[in-house]
Amino acid sequence: MRKRTLSITLILIFILSRAWGQGMISVDEVKAAFIFHFIDFTQWQDKEPVCYVCVPQDERLRRVSRQSLEGKVIDGRKILVVDRWDHCHVLVADQIPSMTDSVLTIGPINNGSLLEFKLIDHRLRFAVNIGKLKKTKLKISSQLLKLAILENG
Amino acid sequence: MKTIGIPLAVFACLFLLGGPDALAQPDLTSLSMEELMNIKVYSAAKKPEAIWNTPAAITVITPQDIRRSGATDLPDLLRMVPGIRVEQVNAHSWDISIRGFNGSIFANKLLVLIDGRSVYTPLYGGVFWELQDVVLEDIERIEIIRGPGGTLWGANAVNGVINIITKKPKDTQGWLISGGGGSDERGFTTLRYGGKADDWQYRIYSKYDNYGKGFSTTGSNTDNWDITQGGFRAQKDKLTLQGDYYQSNIDSTVSNTLYAPPYLENTHSTDLARGGNFLADYREDDWSFKTYWDVTDLQLHDLNERRDQVDMEYNRIVSLSARQDITWGLTYHLNVEQESNTNYLIIRKPPHPDQVFSFFSQDELRSWDDKWKLTIGSKFEHNIYTGFEFEPNVRLLYHINEQNEVWAAASRAVRTPSRLEESGILTAATTTPVFSRLEGNGDLKAEKLRAIELGYRNRLSENISSDLALFSDYYDDLSIVDLGDPVTEHTQGFSVITYPYDNGAQGEVHGAEISTDIRIKEWWKLTAYYSYIKMSLKMKPGYTDAGLGRSLDSATPMNSSYMRSSFDLPRGFKFDITFRYTSSFYSGTIPSDPEVDFNLSKEIKGWRVAISGWNLIDSHHKEAVPSLTSTQVWRAWYIKITRHF
């Protein structure tokens, strides 16, 4: 009898725990959706059929991105989320390696990234590094720049 | 079977419930950027540090801790962790336990892993600490988890897990040469080289340590020993291969059992212990596979055993949603043992191939704001001695804010009988023709623990953090030698009194561990802990209380404390001074023990020179309950020179 009570309690805890998680959106889910749009508004020089999104550091974001982005196709390119630092179209990391002229880097602008997520009043915004933008080989749509906070890093 | 039916049903429900929810997640990529900017989001808690965000009592030893402690072996290193009891029995033996049950027979509830390879020996349910000679400079971190870890690590992770993780080859490139010597550890040297070949990064190493004998009042003891070890670790992308080989010569004091006068003969013997292992590990983002083969070959005066262990593990993590991950895994473990009997010890062959199959699953749920984290899971395993076992746990963590968090856990863990308890026949002699025999019991059940834990952590600023853990452990079916009901046989002019092993004891253990790290000044850091433990074990009804419960209780000191002051002095000198204290135990047989250690070091252009002193208060002291083989621990010092390039 005791064991049954325990099992029922566990199931209840579980259902309740699921209920409390409903309807709220974590910052990582929104970041992943932003990355989707960043890809949409960016043109790379290469013609690879795959767009590699590298998320080598933030494990949580990597998993969330995988869930919401993988398999989606933008402009004929299939999105793949990977755990590495090289051969990237998009790189989300705190530090940026050298030779990233043709990589859409997302991270601290201070460290040389092109884009940076900013949390302002519980809402997610992003900043663009204007100085870096001029040197990159990427073409970024002005629509994206209109929504961005402009910084010079 | 009946007992595991219900937990299985619970898990079936978890999986079913997990499914539809994943589909119900809104696809945010269909929203425009403007819409995304209007969504109110909740920032996840800061990037989890190793300790923060873990609903368990965990301590991490970092490379910096290792360097600054001045320790030259693992046991001395572990002295800095709250809730651990390290007892040096003689120059080459240590008993280490977490949350009670110390002493040579009872330090059997702790699991120790080196890069995921278990070094717990099923032979007696402990660890041959003298044979775990890891290059301390190559350790990335040591995670010590106090409390049950059965859900993830399986049977025998009853009251703690020690996870020793070595550095990746890319972090150990170049040469490391170190050497030194001193009063107790007479000489030691390490040579390591890390390089690259094609896409592989690797390191190879060899090391040698030579230890002098412990203190005894007669001075006639021989427990000096040495160990030579070598190995490698290589990595190519996601694949890691590693292996080690060691050989140790151990001088021992031996009491031989003779079935003719004088029956008991004390002599000295030089024992040989050697072994090796090979491990392969492949790791993707969401799954990993690991396999290893480990050989221990002991040629001891009273035991000859070669044990081969083969292990295969597959683990997978599945994200059902951004707030729910399910981890599951399958493990197969095979033990092959070859023993040759001695007068002292006979081990009966296992009835079937000694293998363990296990499955675990754990569900981790996070609330929308990451303030709550719930993990719920269980291990289910089958072994040939006690059949099916299950080890569930539920853990809940709540971030009060960026500075404070609390957690609670309820778990069940089991320890399966060691080979000695299950199948050993150990015959001890006295100087008369009367022998005492401990006989293994094939019907022994697993020991069970139900534990409740509560914890609180804070990091008031970058400079102050502290950690509190409270626990109540309820043990049942503890395996003991039943002293109450011996069988006496008289044959060929001598008597043999046989005491069987049985699941004869039960009881409670309560305790608290508090630790704190304070950076007082840029150049001065203080680390301190205090731990308290109260054991109350007793015989189960039907077993005679021959005082065993009480002696078990008293074998663990109730209070221990530790304080280390780390100073960064001018001219690049680093100075650490440690004060350790344990209260008296074993009814005063081991007096209260204050100890002081220090380490002074300086780094100049790739050279590092360190001078260390250990156990400075007395010239020698008793750490373990006295026995024929125990000796005392010396006051010790050594000097060590290290060169990196």
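The values are calculated or read from the model by the stated rules, or taken from the named source; none is laboratory data. Predicted model, so just to flag it, every value in this text is computed and none were measured. Note that we place each Cβ from the backbone using ideal geometry, even for glycine, and neighbour counts take in every protein chain shown.
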query = If you check A:S68, A:S113, which single one turns out to be touching a strand residue (DSSP E or B) at 6+ places or on another chain (Cβ under 9 Å), buried (at least 19 other Cβ atoms within 10 Å of the Cβ) and not basic (K, R)?
reply = A:S113
task = Confirm whether B:D95 is in a loop (DSSP other than H, G, I, E, B) and in contact with a helix residue (DSSP H, G or I) (Cβ under 9 Å, 6 or more places away or on another chain).
result = no
note = Residues of region B:331-354 being in a strand (DSSP E or B) and surrounded by fewer than 14 Cβ atoms within 10 Å (Cβ to Cβ), in sequence order, are B:Q338, B:S340
ask   = In region B:321-330, is there at least one residue being of a type outside the set (V, I, T), surrounded by fewer than 21 Cβ atoms within 10 Å (Cβ to Cβ) and within 25 Å of B:G276 (Cα to Cα)?
value = yes
query = Got at least one residue in region B:405-416 being buried (at least 22 other Cβ atoms within 10 Å of the Cβ), in contact with a His (Cβ under 9 Å, 6 or more places away or on another chain) and in contact (Cβ under 8 Å) with a residue 12 or more places away in the chain?
reply = yes
inquiry  = Checking B:R79 against (1) of a type outside the set (F, W, Y); (2) over 27 Å from B:R348 (Cα atoms); (3) at pLDDT below 95, only one condition comes out false. Which one?
reply    = (3)
ask   = Would a scan of region B:590-605 turn up a residue that is in contact with an Asp or Glu (Cβ under 6 Å, 6 or more places away or on another chain) and buried (at least 16 other Cβ atoms within 10 Å of the Cβ)?
value = yes
query = Any idea which of (1) out of contact with any Leu (no Cβ under 8 Å at 6 or more places or on another chain); (2) of a type in the set (A, V, I, L, M, F, W, C); (3) within 14 Å of chain B (Cβ to nearest Cβ) is the one A:F126 doesn't satisfy?
reply = (1)
message = Please go through (1) within 14 Å of chain A (Cβ to nearest Cβ); (2) closer than 21 Å to B:L131 by Cβ for B:S321 and return the number of the only condition it doesn't satisfy.
response = (2)
request  = State whether the residues of region B:350-363 include one that is touching a residue at least 24 places away in the same chain (Cβ under 8 Å), touching a Phe, Trp or Tyr at 6+ places or on another chain (Cβ under 7 Å) and within 19 Å of B:A410 (Cα to Cα).
outcome  = yes
ask   = Quick one: which of B:I139, B:I114, B:I96 is of a type in the set (A, V, I, L, M) and under 30 Å from B:A408 (Cβ atoms)?
value = B:I96
message = I'm trying to understand the selection: among the residues of region B:108-125, which are at pLDDT below 90 and surrounded by fewer than 24 Cβ atoms within 10 Å (Cβ to Cβ)?
response = B:Y124
key: Candidate set: region B:456-477, residues that are within 19 Å of B:K373 (Cβ to Cβ) and in contact with a Gly (Cβ under 9 Å, 6 or more places away or on another chain); chosen: the one surrounded by the most Cβ atoms within 10 Å (Cβ to Cβ)   = B:A469
inquiry  = From the list B:S288, B:S255, B:S269, B:S248, exactly one residue is of a type outside the set (D, E, K, R) and within 14 Å of chain A (Cβ to nearest Cβ). Which is it?
reply    = B:S288
ask   = How about region B:340-391: which of its residues are within 11 Å of chain A (Cβ to nearest Cβ) and among the charged types (D, E, K, R)?
value = B:D363, B:E364, B:R366, B:D369, B:D370, B:K371, B:K373
task = Take region A:66-92 and flag every residue that is within 19 Å of A:S113 (Cβ to Cβ), more than 10 Å from every other protein chain (Cβ to nearest Cβ) and of a type outside the set (D, E, K, R).
result = A:W85, A:H87, A:C88, A:H89, A:V90, A:L91, A:V92
request  = Tell me, please, whether a residue that is assigned to a strand (DSSP E or B), over 30 Å from B:G174 (Cβ atoms) and under 25 Å from the mean Cα position of the chain (by Cα) can be found in region B:539-559.
outcome  = yes
task = Quick one: count up the residues across region B:310-330 that are in a strand (DSSP E or B), touching a strand residue (DSSP E or B) at 6+ places or on another chain (Cβ under 8 Å) and either closer than 22 Å to A:D28 by Cα or among the acidic types (D, E) (or both).
result = 11
message = Let me spell it out: the conditions are (1) in a strand (DSSP E or B); (2) modelled with pLDDT under 95; (3) not basic (K, R), and B:N401 meets all of them except one. Which number is the exception?
response = (1)
ask   = For the subset of region B:459-478 comprising residues that are in contact with a Ser or Thr (Cβ under 9 Å, 6 or more places away or on another chain) and at pLDDT below 90, which member is nearest to B:G504 (Cα to Cα)?
value = B:S465
request  = Among residues belonging to region A:39-64 that are at pLDDT 90 or above and touching a helix residue (DSSP H, G or I) at 6+ places or on another chain (Cβ under 7 Å), point out the one that is surrounded by the fewest Cβ atoms within 10 Å (Cβ to Cβ).
outcome  = A:F41
message = Regarding region B:253-264, can at least one residue be identified that is touching a Gly at 6+ places or on another chain (Cβ under 6 Å), among the aliphatic types (A, V, I, L, M), at negative phi and surrounded by 15 or more Cβ atoms within 10 Å (Cβ to Cβ)?
response = no
message = Yes or no: region B:243-251 includes at least one residue that is surrounded by 19 or more Cβ atoms within 10 Å (Cβ to Cβ), more than 17 Å from B:V134 (Cβ to Cβ), in contact with a Phe, Trp or Tyr (Cβ under 6 Å, 6 or more places away or on another chain) and among the aliphatic types (A, V, I, L, M).
response = yes
